[in-house]
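Below is one structure, written out as structure tokens; the observations come after it.
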Amino acid sequence: ARAIMVQQAATASNNTVIGSGPVATGLRIAMMRSWGISDASIAVSILALNVIAAYRLWLIALATSIAGLAGADGGVLDTRAYVVVVVVASVVLSGSTLLWWVLLRHPIVAARIAGLLQRAWDRLRRRVVRLPDIGIVAFTAHSHEEALDLVRLRRWRILVAVVADQAITIAKPLAVVRAFGIGSDELSTWQVLIAYGLVRLVVALTPIPGGIGVTELGLAALLVRFGGDEAVVLAAVLTLSLIHISEPTRPRL
């Protein structure tokens, strides 16, 4: 019940506030602290949610761009855009994987980074007196232990949950499009997924709350360009937007 409350609070923030990331994070911290959850556990949970969301986004972008390069979109879009997304997604995914592996397996590296951040924060506090005294080094050490325990004890549960969530995320737009009678002869499965993946990437990189407007216009424009009937596509896209509004929003980059 508390998890649902936190997600709905983040949903309200993401759908109404420009640059909602810090606001949603602040709501999560305030609510979880009020329930007596330790700061280290809060930090690990927020970090894990954002890491999983980022991986989901870039994996979908990478898969859809590779499909576009293979000609699954029917040659409608410029291949240079696909190449850029493939390169950026590959760099982000490989770099992030290496970074988190090093931080988890080598606590000395994490401690050194925390030490650099602590010195920078202390210098800033000497100039701005009202800033709180935060023990970044000790906080990082506690969070590191929490993260290791999380990975050791629940890695398979996390893996299963993420894979299931990924499958549902990909299946939703396809199910809605097919429910409105748009068959594979009009819009192929890959065309629907390519359009959805590219729009998700654009929305994640924009400050518009909840991607309102950008999602609907972008997805409808791409599906119509791929060959879908304009009126039916618009109805399907609006239905998909209603589904997204009614469910908890994932953390934004």
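Please pull out the direction-averaged projected area of the chain, using the convex hull of its alpha-carbon atoms, in nm² to one decimal place.
Working: hull surface 62.1 nm².
Mean projected area of the Cα convex hull: 15.5 nm².
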In order through the stretch 119-125: 3J(HN,Hα) via Karplus (6.51 cos²θ - 1.76 cosθ + 1.60), integer Hz, x for Gly, Pro: 5, 5, 5, 5, 5, 5, 5
Debye-sum result for the stretch 158-204 in log10 I(q)/I(0), which assumes one identical scatterer on each alpha carbon, at q = 0.17, 0.20, 0.22, 0.24 Å⁻¹: -0.55, -0.72, -0.81, -0.89
Per residue solvent-accessible surface (Å²) - the chain, probe of 1.4 Å: 57 Å²
Rough spin-label spacing in nm, given labels placed 7 Å along Cα→Cβ, for S38 and E230: 6.0 nm
Label-to-label distance, nm, for residues given as A171 and R80 (7 Å Cα→Cβ offset): 3.9 nm
Nearest-ten-degree value, helix 230-245 long axis tilted from longest Cα axis of the chain: 20 degrees
Convex hull volume per residue in cubic angstrom - Cα atoms of the stretch 9-136: 176 Å³
Calculated diffusion of the stretch 69-131, Stokes-Einstein form, Kirkwood radius summed over Cα pairs, 20 °C and 1.002 mPa s, µm²/s: 138 µm²/s
Nearest-ten-degree value, helix 136-179 long axis tilted from longest Cα axis of the chain: 10 degrees
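Quick check of the Kirkwood formula: for the stretch 133-235, what is the inverse mean of 1/r over all pairs of different Cα atoms, in Å? Mind showing how you got there, number by number?
Details: mean 1/r = 0.0602 Å⁻¹.
About 16.6 Å, per the Kirkwood formula over Cα pairs.
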Degrees between helix 39-69 axis and first principal axis of the chain (Cα, 0 to 90, nearest 10): 30 degrees
Accessible-area value, R152, 1.4 Å probe, nucleic acids and ligands omitted, Å²: 140 Å²
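The values are calculated or read from the model by the stated rules, or taken from the named source; none is laboratory data. Just so it is clear, the structure is predicted and the values come from calculations on it, not from any experiment. Because the Cβ atoms are built from the backbone with ideal geometry, glycine has one as well, and the counts that use them run over all protein chains shown. For the accessible areas, the whole protein counts, side chains as well, though only heavy atoms, and no ligand, DNA or RNA atoms are used. Shrake-Rupley method; radii C 1.70, N 1.55, O 1.52, S 1.80 Å.
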